[in-house]
Amino acid sequence: MVGGGGMGGGLLENANPLIYERSGDRPVTEGEEDEQVPDSIDAREIFDLIRSINDPEHPLTLEELNVVEQVRVQVSDPESTVAVAFTPTIPHCSMATLIGLSIKVKLLRSLPQRFKMDVHITPGTHASEHAVNKQLADKERVAAALENTHLLEVVNQCLSARS
């Protein structure tokens, strides 16, 4: 570990993460601009919502670190379900719960209330996968976490645009 920045300050767990190229912006079709046509929510739309979330440890987005990818987003608009699997950059990442919470909060703030959300770690990619997934699936624990002003401030930093 080396000293460094990040939102938590202190030591970096992954001092030299691999950086991936961002995917291009989604072209907007005429049908999507027509407010009279119902617009279903798809995996790309969900990915576009979460791709620019800031990593809590590095001045990079979750997309640039390959923590989120469109192929790991599942959506069923008719069933009102969204599932996002995210992959921490290292198997013992202590920021995994914060990253998952940031994804969940972004979706809660962006999607209609009818959607049920499942945010979880990609199977086999984290040492504490089961424990983190259990925390993220527990609505009461998520609500309690968001009542913690310091934690909410850190989540909001992850969700804010980088300057």
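Before moving on, here are some points about what is shown:
- Unique match (being under 30 Å from D39 (Cα atoms) and crowded, with 17+ Cβ neighbours inside 10 Å) among T97, T81, T87, T122: T87
- Residues satisfying the stated conditions in the range 134-163, i.e. without any contact (Cβ under 8 Å) to a residue 24 or more places away in the chain, of a type in the set (S, T, N, Q) and under 14 Å from I99 (Cα atoms): N156
- Scan of the range 100-109 for residues that are crowded, with 18+ Cβ neighbours inside 10 Å and among the charged types (D, E, K, R), ordered by number: K104, K106
- Condition check for L136: farther than 14 Å from L62 by Cα and modelled with pLDDT of 95 or more: yes
- Qualifying positions in the range 126-141 - more than 18 Å from I53 (Cα to Cα) and in contact with a Lys or Arg (Cβ under 8 Å, 6 or more places away or on another chain): Q135
- Matching residues in the range 125-163 - criterion: being hydroxyl-bearing (S, T, Y) and exposed (fewer than 12 other Cβ atoms within 10 Å of the Cβ): T149, S160, S163
The values are calculated or read from the model by the stated rules, or taken from the named source; none is laboratory data. Everything quoted here is computed from the prediction, not taken from an experiment. Note that each Cβ is placed from the backbone with ideal geometry, even for glycine, and that neighbours are counted across all protein chains shown.
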